[in-house]
Every structure is written in structure tokens, then in C-alpha cells.
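A.B. asks: Below is one structure. I have some questions about it.
What follows is calculated from the coordinates using simple rules that are stated; it is not laboratory data. Treat the numbers as computed from the prediction; the structure is a model and nothing was measured. Here the Cβ positions follow ideal geometry from the backbone for every residue, glycine too, while neighbour counts run over all protein chains shown.
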Amino acid sequence: MSLRDFGFNEFWFILMAAQWTILLALIAFVGGGAVGMVIAALRVAPARPLRWVATAYIQFFMGTPLLIQLFMAYYGASLVGYRPDAWAAAALTFVLNGGAFFGEIFRGAIESIPKGQWEAATSLGFRFVRTLRLVIVPQAVRLMLPPTVGFMVQIVKSTSVASLIGLTEVARAAVQVNTVTFEPVWVFGTASLIYFALCWPLSLYASHLEKKFATGMVRKVEKPLVMSV
Amino acid sequence: MTTVLQFGPVLVHLDRLLWGLMKTLEYAFLSVAFGTMIGILGAVGRGFGPRWLSVIIAAYVELIRNTPLLIQLYIVYFSLPLIGMKFTPGTSAVIALSIHLGAYATEIIRAGVESIPVGQIEAAKSLGLSPYRIVRHIVLVPAVRAVYPSLSAQFILQLMGTSIVGAIAAEELTAVANNLVMQTFRSFEVFIVVAVIYFVVVQAASLLLAGLGRLMFRWKQ
């Protein structure tokens, strides 16, 4: 038997938790994007050891589940003398994990820029970082954009996994409301609607960008990996 | 501050972790099998079915792809009993995982179906092949072959996605790991070991899928 009915207050409680979902997604997007830029640069760097480091980084974050990475960050905190904190662990994990996926997306775009551009820049006396920053990336941005927006959808959805280390956002708020109301259809229907409202516009925008940039493009960027959870 | 890693207390429970791994592989395998079936039916329904069917399939794909797997797990686990369908957490997990993968598989295979030139289908028709044989041999097999890399990447993600089914009390590797944390208090070590297990299994599964693809689509290499 339920302790409470599912009413407006319960709906509002879940809806308000969306601010934490959005905040975590923004942290992942901004931080992950920055890390991803570095990872992508390392992946195409002239020095082989740098490429190895970046490859290993990507392999780890793409080859283990997000939840395991979250637990490692959560429990690893006490190892370096901090108290485990769900938000710190989630922020760190999402930035590092996002960095790996963004790194692959950016690398795909960077590598589809013709090699002649690199050679031309080198012949003008540009070094690696300047070539990347002033010649390659400005041209690659339009190739990066559609998969980047597409990956934002994956980020929003995967923030729900952070509820499993105790971070309160939409999924966890929904579980809490479900425990007292036991109205799973309403509770998780509400949660689904919130996620859908956040993700669907991004999905539509991503496929719009894909179509827009697909016209008149000679090379196709390899399809980025989609994150499932 | 004792910061020395001790793997001993964790590794004595390796048998339990491996039992969890077997459950993980079971969920992954079953949901990949069912999900791919849904994907094939969905792609054929979208490509060749009546308009209403293709609208329903499109709605299913969009709904699943724009909501988290975790919420889908909760819906299946908590809501199905209300209409009299009571399942164990394990069965609920497989149902939710299959529905989840089904949407992605539909979308991936549909992309493959769309890459088949119309002329190829017309040629098959003019040769007098039955609709079933056209869909199977002229459309589906080449379509799946074309998108096999995306499909197997999705399977790998599914394998890692099973890690969250512990949320509905289904037993698998991550859930076993969480039990070991309570028991051994070697939380970080437990998850290092589990991360290594996942990593090795994911690499092995990738190799296996690549090999399988080469075997299944042997012609025209």
C-alpha cells in the first residue's frame, strides 16, 4: 500500500530534479569537450608516445562501463584522502569519460581534413599546435558539429547512471517518489517525459545538422560510437 | 592513512565475480539475440510495411533512443506487475535490454536497408523471386552486412550496458562487485578487478564479433 498518492507535488519534485540532470550534463559537455580537444590533439600528434597515451585513455573509457568508472572515482576518493562524494565523483567521471568520446569524434573530423592542408601549413613554417589551431580545426568544426550534438543526447541519458552512486537527479528522484507512492507508471512516465523533452530536440537538431552538412561534402566522417546507457 | 592496495581479499572471491560475469554474458547474449530480431522486424516493417506500422515503429525508436536505459528498466520492472506480468529481476532485465537494443538495431538495420539500390530489388522482382526471398536475400543480408560494424559496436555497448541492471536487483558482475564491497571493504580494489574483467571481456567480444562477421559475410571480401 502506498504512503502517498502521485499528485502535483510529486510531479514537481521529479521535475525540479531535472536541474541536477542538466547541471551534470553541462559539466560533462563543457569539461568533456575541453578534455576531448586535448585527447584528439594527442591522437594525431607527431610523437608516437603521445598517441599511445591518448589511445590507452580512449580504450579504457570506451572499454569499461560508465557505472564501473563512477564507482572507481567514488571509492577511489578515500584512497587519496578525500571523503567519497557523489557529485565530485560524477563530475570527474563524466568529464573524463566524455573526453574520450569527444576525443574520438574530434579526431574523426580532424583526420578527414586533407593531408595537403597539413603539408601546406608546414611549408609555411607552422608547427603542430598552430597548424591544428589555425588551419585544421577551423575547417573540421563543421564536421564535428553533428556528432557532437548527437553525443549530447547520450550525455543527458547517461547522467541517469549517476543516480546509482547516490547522486540525486531525475532518475533517483523518480525512484524515491516511486517508493512512497508506488505509482510506477506515473512516476517513470514523468521521468521519461523529462528525459525525452531534453533529448528529442537535440536529436532532431543533430540529424538536421547531419543533413545540412552532408550536402556538398566530399569526405564522410566515420560514424561516431553511440553510448548506450 | 592506509592507502596500500590489497587485492588478496578481493581475489579470493574471484569465483563469485566470474559467476557474475556469466550472468552478465547471459543478459548480453539474450538481449542481443532478441534485440536483433526486433531490429530486423522493425527495419522490414518500416521499409515495407503499411504507413501506420511504420509510424508506430518510428515512435518506438524515437521514444527508446531519447530516454535512458535505466528508466526503461524501472518501467519494465515496476509497471509490468501491475498488469499481471510478474517476472524475476533477471527476466525483467532481459526484456528491458531487448526492447532497448531493438530500437537501436531497427535504426541501424534500416540505414542498411536504405542503402540497397532500388534497381537491385527490381532486378530480383523481374527474375520472379518471391517477396519473402527478396526481403531476405536481396535486402536483409546485404543490408546487415553493410551495417555490421555499427551493429557490433552497438552489441558491445549493450554488453557494458548490462552493468546497470543491478538497479532492479538483477544479479550480474557489477551487482556481485557491490556485494563484495560490503563484505570485504576493499571497495576500490573490487572495482579495479571488475574494470579489468570488463575490459578483457569487451576486447574479446569485439574480436569475436569481428571474426564472426568475416565468417558470416565471407563472400565479396
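A.B. asks: Can you bin the stretch B:145-203 into rounded, prolate or oblate? Criterion: square roots of the alpha carbon gyration tensor eigenvalues sorted a ≥ b ≥ c, rounded for a/c under 1.5, prolate for a/b above b/c, oblate for the rest.
C.D. replies: oblate
A.B. asks: Which three lengths, in whole Å and largest first, does the stretch B:49-143 cover when its Cα atoms are put on their principal axes?
C.D. replies: That works out to 52, 24, 24 Å along the principal axes.
A.B. asks: Which three numbers, in whole Å and largest first, are the semi-axes of the equivalent ellipsoid of chain A derived from its Cα gyration tensor as √(5λ)?
C.D. replies: Result for chain A: semi-axes of 39, 22, 11 Å.
A.B. asks: Still on this model: Could you let me know the centre-to-centre spacing of the stretch A:123-158 and the stretch A:78-98, using Cα atoms, in angstrom?
C.D. replies: Answer, in whole Å: 27.
A.B. asks: May I pose another question? What number does the stretch B:19-61 give for Rg over Rh if you use C-alpha atoms and the Kirkwood radius?
C.D. replies: Computed over Cα atoms, the ratio is 1.24.
A.B. asks: The stretch B:57-132 to the stretch B:187-206: how many Å between their Cα centroids?
C.D. replies: 29
A.B. asks: Across 5 Å bins from the origin, how do the percents of Cα pairs in the stretch B:120-221 run, short distances first?
C.D. replies: Binned Cα distances yield the sequence 2, 11, 15, 14, 12, 10, 9, 8, 7, 5, 4, 2, 1, 0.
A.B. asks: Looking at chain A, which longest stretch skips every one of the trypsin sites (Lys or Arg not before Pro) that is in a DSSP loop with at most 13 other Cβ atoms within 10 Å, leaving the sites themselves out?
C.D. replies: Here the longest run is A:5-126.
A.B. asks: Name the residue, out of A:T159, A:T168, A:T122, whose mean-square fluctuation peaks in a Gaussian network model built on chain A with Cα pairs under 10 Å.
C.D. replies: Greatest mean-square fluctuation among the candidates belongs to A:T122.
A.B. asks: Tell me the mean residue ellipticity at 222 nm calculated for chain B from its helices only (DSSP H runs of n ≥ 4, each -39500 (n - 2.57), averaged over every residue, nearest 500).
C.D. replies: -25000 deg cm²/dmol
A.B. asks: Let me ask something else about it. With each label point set 7 Å from Cα along the Cα-Cβ vector, what nm distance links B:V12 and A:S207?
C.D. replies: 5.5
A.B. asks: Right, something else. If one puts a single equal scatterer on every Cα of the protein assembly as shown and applies the Debye formula without solvent, what log₁₀ I(q)/I(0) results at q = 0.11, 0.12, 0.13 Å⁻¹?
C.D. replies: With one equal scatterer per Cα and no solvent, log10 I(q)/I(0) is -0.95, -1.12, -1.29.
A.B. asks: Please compute the Cα-Cα pair-distance distribution of the stretch B:8-216 with 5 Å bins starting at 0, giving whole percents from short to long.
C.D. replies: Each 5 Å bin holds this share of Cα pairs: 1, 7, 13, 15, 16, 14, 11, 9, 5, 4, 2, 1, 1, 0.
A.B. asks: To continue, here is another question. Counting only pairs 8 or more places apart or on different chains, how many lysine pairs in the protein assembly as shown have C-alpha atoms closer than 26 Å?
C.D. replies: Count of close lysine pairs: 16.
A.B. asks: Then there is this: Run the numbers on the stretch A:8-214 and let me know its relative contact order in percent, using alpha-carbon pairs under 8 Å that are six or more apart.
C.D. replies: 30
A.B. asks: Another question about this same structure. Between exposed trypsin sites (Lys or Arg not before Pro) in chain B, where DSSP calls loop and at most 14 other Cβ atoms lie within 10 Å, what's the longest gap?
C.D. replies: Of all site-free stretches, the longest is B:87-217.
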